[in-house]
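Novice: Pasting in a structure now, in structure tokens, and then I'll have a few things to ask.
Any read-out appearing in this document is the output of simple, stated calculations on the displayed coordinates, not a laboratory observation. What you are looking at is a predicted structure, and each value in this text was computed from that prediction instead of being measured. Cβ placement follows ideal geometry from the backbone for every residue including glycine, while neighbour counts extend to all protein chains displayed.
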Amino acid sequence: MSKPILTSVGPGTSKVNKTGAWRINVPIFKHDTCNDCRICVLVCPDACITGEDSVYNADLNYCKGCGICAYECPVDDIEMQLEVK
Amino acid sequence: MKQFIEGSMAVSQSVKLCRPNVIAAYPITPQTHIVEFLAQIVANGELKTEFINVESEFGAASVVLGASAVGARAYSATTAQGLLLMAEVLYNIAGMRLPMVITIANRAISAPINIWNDHSDAVVIRDAGIIMLFAEDAQELMDIHPQAYKIAENQEVSLPVTVNMDGFILTHCFEPVDMLSQKQVDDFLPPFKPVVKLDVDKPVTMGLLAEPTWYMETRYKLKETMEDSKAIIEATANEFKKLTGRYYGGLIDTYRMEDAETAFVAMGSLVGTLKDVVDTLRAKGEKVGILKIRSFRPFPYEKIREVCANLKQLVIFDKSYSLGLGTILQEELRGCFYRQKHQPLVSGFVVGLGGRDIPPESLIECYKKAQKGEITNEFVDIRLDVVGR
Amino acid sequence: MAEQTKSRKQKPPITESLLTSGHRACAGCGEALGAKLVMDAAGSNTMVATSTGCLEVFSTPYPESAWRMPWIHSLFENSSAVACGMEAGLRALGKREGTNIIAQGGDGGTADIGIGCLSGMLERNQQVLYVCYDNEAYMNTGVQRSGLTPFGTHTTTSPSGKVSFGNPLPKKPLLQIVAAHNIPYACSATVGFPNDVQLKVKKCLKEEGATFMHLHVPCPLGWVYKTEETIEIARLAVFTGLFPIIEMKWGEVVRVRKITKERRPVEDYLKPQGRYRHLFVSAESKKEIEKIQAIADANIKKFGLVD
């Protein structure tokens with residue numbers, strides 16, 4: 001008998017699902033006034049913002065365009081724009 | 001070494017020897033002695049285990065689910081209403097392929113409330129993908145629990161197993177039992193090695209959402225496994241026989257069936273009564289025997305057909321009844337012989353519901369009735385004045 | 001007691017969130033954010049049991065799973081009991097040391113159908129952190145009323161209508177019920193203050209015994225507001241006094257997050273949410289707002305939220 005299926009899957013297999021396709025608005029990271037507070041990294045519900053040394057970006061494969069990062073950025077370094085594809 | 005003990009004590013001592021890591025306990029008559037004895041065993045330091053007094057049977061089943069998921073050997077016991085309350089979790093456990101053993105002290109289901117023995121509780125979960133074994137007496141209860149764990153934890157099976165025992169009749173009655181030793185059980189039952197488990201060094205996700213694209217395949221695999229488990233149940237019983245010399249059957253057992261024309265069919269302690277009935281009838285020249293169904297799920301079609309190859313009639317004594325359909329064993333056994341080359345008559349009698357006493361004389365009356373023609377769904381010893389007929 | 005094991009090898013700091021991308025939560029989901037905060041604070045030496053609900057459904061549609069640590073889902077009402085089994089099992093196997101165990105569920109799965117199992121876990125004081133993600137309705141099944149739905153809220157089973165102003169019943173005092181079990185630590189937190197969530201999770205996991213976090217997580221779909229405002233709305237709930245942030249040890253309040261300088265009237269919180277728009281249509285409906293203000297005032301008084 002082969003191992004039973006559907007009892008488990010490995011970790012993080014959700015990465016195949018590119019939720020970036022849902023997006024209407026896209027965050028623009030200006031890299032201008034950023035002070036490395038990393039609030040954007042902390043508050044992204046989809047864990048798709050990464051960076052260091054005042055250069056942060058959203059992984060556009062997964063970013064759903066919710067706009068929380070732009071709303072919460074204390075130095076207005078992120079702006080939501082209508083995405084033109 | 002023989003001890004004169006209650007069936008519940010045989011269960012507790014047997015479970016103790018299986019070295020469960022986690023025991024979830026919630027009391028319900030007539031299972032209470034099992035969890036009480038286990039509590040005392042733990043309190044006396046005879047067993048190192050995590051003994052959890054839970055808030056309900058639902059909690060009990062959930063606790064053993066979680067324990068099995070991390071690779072611990074888990075045990076619980078329940079009855080009727082408790083089994084119904086656990087039912088949601090038991091389907092979950094089977095679907096998640098988590099091995100464990102749960103002893104059911106069979107009791108009638110309310111309403112009306114009745115704490116005495118019948119099989120209506122056991123059969124409620126018969127479609128869940130759970131292996132269901134029925135024990136005949138206290139000795140078998142001692143012998144069956146290590147086998148139940150061995151079957152459950154077999155990596156080709158990986159399913160929960162319920163051990164069914166007649167409430168009060170077996171839980172509370174004293175019988176001489178040949179006690180197993182720790183060494184015997186350790187030699188027979190290896191440590192639990194799960195197919196999959198929660199482990200921070202090897203993270204997995206368990207219990208996912210299965211959309212229509214996937215769900216049907218899970219049931220197919222369960223079906224396959226239930227079929228495969230038949231051979232494993234047989235092999236485990238044979239292996240146990242080699243260890244101790246005792247054999248209470250694999251999927252089934254037979255008594256004086258070699259030249260029988262009529263076979264009595266039953267599960268659990270009623271088999272014991274029927275052995276006396278068979279001896280009485282045989283002494284009068286009647287060619288009767290017993291087909292004991294030990295594994296109710298998976299249902300042993302092939303084995304039954306094999307031993308019934310020359311029978312004229314099966315006379316079933318069932319302690320459960322599917323209201324709106326018929327006595328369950330009767331329906332399943334008629335189906336067993338459907339369109340087979342050899343089709344014996346299959347008569348079904350309903351006995352002992354709610355703990356009603358089953359005197360051997362009544363069983364003999366039923367046999368005589370069945371000799372005159374096939375009987376269907378007959379309730380035995382009904383007080384006609386009470387039911388208004 | 002379980003035998004001592006060698007202490008767990010220190011794992012390198014996580015570079016990827018333990019609730020990773022690709023899950024199917026709505027854009028701006030407060031619960032996804034909350035769960036990410038909790039998991040990342042707990043770290044990878046953590047096993048999680050989750051109840052049926054949005055969090056489970058959006059994160060584990062076979063064969064996709066967004067979880068990167070050991071994770072199990074059983075049923076709606078039993079994540080607390082399953083976590084108890086995991087905890088007992090690990091103890092029995094001598095593997096308890098160094099592993100966090102978290103049970104989590106939504107407001108329905110915790111305060112309604114799950115309260116029996118939760119009470120058992122608390123009463124036994126098993127070392128499990130229970131996180132209740134409170135988005136104030138049964139969101140996964142379509143925004144039906146739960147025991148934690150606040151007074152005056154429109155849900156599909158407590159709708160506003162010609163003769164109704166929404167939910168007529170108060171929010172069940174879940175945190176007090178939990179704390180009354182006399183557990184070492186119980187707290188409320190909100191994604192409005194994300195760092196606070198993580199600090200409190202770490203605090204919980206240090207305790208020897210049962211701990212509880214009541215985590216407020218706004219839901220843009222169910223509460224009907226703009227997705228980028230999730231954290232803002234959560235903050236407003238605190239500043240009005242409607243969701244007090246408090247910490248309780250052994251059943252007593254030991255600390256509160258005061259709102260002396262930030263206090264806002266409840267309208268500021270209710271107006272941006274579509275689920276409360278029925279309160280702003282008439283003089284009669286506005287009286288209901290006064291009732292909600294009274295609830296906020298009572299909280300402020302009870303917990304001393306304003307100096």
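Novice: Sum -39500 (n - 2.57) across every DSSP H segment of at least 4 residues in chain C, then divide by the residue count to get the 222 nm mean residue ellipticity, nearest 500.
Specialist: -10000 deg cm²/dmol
Novice: Still on this structure: What size of dipole, in debye to the nearest 20, comes out for the stretch C:246-307 about its Cα centre when the only charges are +1 on Lys and Arg C-beta atoms and -1 on Asp and Glu C-beta atoms?
Specialist: 140 debye
Novice: Compute for the stretch C:149-307: radius of gyration divided by Kirkwood radius, i.e. Rg/Rh, restricted to C-alpha atoms, rounded to two decimals.
Specialist: Over the Cα atoms of the stretch C:149-307, Rg/Rh equals 0.99.
Novice: Binning at 10 Å from 0, report for the stretch C:30-303 what percent of all alpha-carbon pair distances ends up in each bin.
Specialist: Result returned by the calculation: 7, 31, 36, 19, 6, 1, 0.
Novice: Taking Cα pairs under 8 Å and at least six residues apart, what relative contact order does chain C come out at, in percent?
Specialist: After rounding, I find 16 percent.
Novice: Expressed as a rounded percentage, what relative contact order does chain A have, with Cα pairs under 8 Å and six or more residues apart?
Specialist: This gives 39 percent for chain A.
Novice: Taking the beta-carbon count within 10 Å as an exposure proxy, list A:ARG38, C:ARG257, B:ARG334 from fewest neighbours to most.
Specialist: A:ARG38, C:ARG257, B:ARG334
Novice: Further question: So if I take the centroid of the Cα atoms in the stretch B:3-75 and the same for the stretch C:278-304, what is the distance between those two points in Å?
Specialist: Result: 52 Å between the Cα centres.
Novice: With equal scatterers on the alpha carbons only and no solvent term, can you work out the Debye log10 of I(q)/I(0) for the stretch B:344-388 at 0.13, 0.20 1/Å?
Specialist: -0.31, -0.69
Novice: Name the residues whose placed amide hydrogens come within less than 5 Å of the amide hydrogen of B:ASN106, ignoring near sequence neighbours (fewer than 5 apart) on the same chain.
Specialist: B:MET165, B:ASP166, B:GLY167
Novice: Still on this structure: Of the options C:ALA137, C:GLY116, C:GLN127, report the single residue whose Cα projects farthest towards the positive end of the charge dipole of the stretch C:104-162 (beta-carbon charges: Lys, Arg +1; Asp, Glu -1).
Specialist: Final value for the positive-end residue is C:ALA137.
Novice: Counting other Cβ atoms within 10 Å, keep those with at most 12, restrict to DSSP loop, and tell me which trypsin sites (Lys or Arg not before Pro) in the stretch C:126-191 are left. Don't skip to the end; give the middle numbers.
Specialist: Numbers: sites: C:ARG145, C:LYS162, C:LYS171; in loops: C:ARG145, C:LYS162, C:LYS171.
Here the trypsin sites (Lys or Arg not before Pro) that fit, given the DSSP loop and packing criteria, are C:LYS162.
Novice: Then there's this: Sorting B:SER120, B:SER110 on the 10 Å Cβ count, fewest up front, what's the list?
Specialist: B:SER110, B:SER120
Novice: Here's something else I'd like to know. Within the stretch C:65-95, which residues have the backbone N less than 16 Å from the label spot 7 Å out from C:GLU16 along Cα→beta-carbon, could you tell me?
Specialist: C:65-71
Novice: Under the Cβ-under-4.7 Å rule, which cysteines of chain A stay unpaired?
Specialist: A:CYS34, A:CYS37, A:CYS44, A:CYS48, A:CYS63, A:CYS66, A:CYS73
Novice: Zone of C:LYS301 (label point 7 Å along Cα→Cβ, backbone N under 18 Å): which residues in the stretch C:263-281?
Specialist: Under cut-off, by backbone N: C:264-266.
Novice: Can you compute the modelled spin-label distance between B:GLU227 and B:GLN40, with each label point 7 Å from Cα toward Cβ, in nm?
Specialist: Computed distance between label sites B:GLU227 and B:GLN40 equals 4.8 nm.
Novice: Helix B:138-153: angle to the longest alpha-carbon principal axis of chain B, degrees 0 to 90, nearest 10?
Specialist: Relative to chain B, helix B:138-153 is tipped by roughly 50 degrees.
Novice: Please list C:176-183, B:158-165, B:319-326 highest first by mean number of surrounding beta-carbon atoms within 10 Å per residue. Please report the intermediate quantities before stating the final value.
Specialist: On the way: C:176-183: 19.1, B:158-165: 27.0, B:319-326: 15.6.
In descending order of packing, they fall as B:158-165, C:176-183, B:319-326.
Novice: Which value results for Rg/Rh of chain A when Rg is the Cα radius of gyration and Rh the Kirkwood radius based on the inverse mean 1/r?
Specialist: Result for chain A is an Rg/Rh of 1.14.
Novice: Then there's this: How many angstrom lie between the C-alpha centres of the stretch C:124-159 and the stretch A:41-69?
Specialist: If we compute the Cα centre of each part, the gap is 28 Å.
Novice: Here's a follow-up. How would B:MET1, B:MET179, B:MET267 line up from fewest to most surrounding beta-carbon atoms within 10 angstrom?
Specialist: Fewest-to-most Cβ neighbours within 10 Å comes out as B:MET1, B:MET179, B:MET267.
Novice: Could you state the angle between the C-alpha long axis of helix B:32-43 and the longest principal axis of the C-alpha atoms of chain B, as a value from 0 to 90 degrees rounded to the nearest 10?
Specialist: For helix B:32-43, the angle is close to 30 degrees.
Novice: Oh, and also: Looking at the square roots a ≥ b ≥ c of the eigenvalues of the Cα gyration tensor of the stretch B:312-362, which shape do they give, rounded for a/c under 1.5, prolate if a/b is larger than b/c, or oblate?
Specialist: Details: a/c = 4.23, a/b = 1.66, b/c = 2.56.
Here the stretch B:312-362 falls in the oblate category.
Novice: Could you work out how far helix B:7-17 tilts from the main Cα principal axis of chain B, as a 0 to 90 degree angle to the nearest 10?
Specialist: 40 degrees
Novice: Treat every Asp and Glu Cβ in the stretch B:2-244 as -1 and every Lys and Arg Cβ as +1, leave all other atoms uncharged, and give the resulting dipole magnitude about the Cα centre to the nearest 20 debye.
Specialist: 460 debye
Novice: Another question, then. So if R0 is 22 Å, what FRET efficiency would C:ALA180 and C:VAL254 give, r being the distance between their Cβ atoms, rounded to the nearest 0.05?
Specialist: Efficiency, rounded to the nearest 0.05: 0.90.
Novice: Okay, next question. Hey, if you put +1 on the Cβ of every Lys and Arg and -1 on every Asp and Glu Cβ in the protein assembly as shown, which of B:LEU90, C:GLN104, A:LEU60 ends up farthest toward the positive end of that dipole?
Specialist: Result: A:LEU60.
Novice: Sort all Cα-Cα distances of the protein assembly as shown into consecutive 10 angstrom bins from zero, then give the percent of pairs in each bin up to the one containing the longest distance.
Specialist: 3, 13, 21, 21, 16, 12, 8, 4, 1, 0, 0
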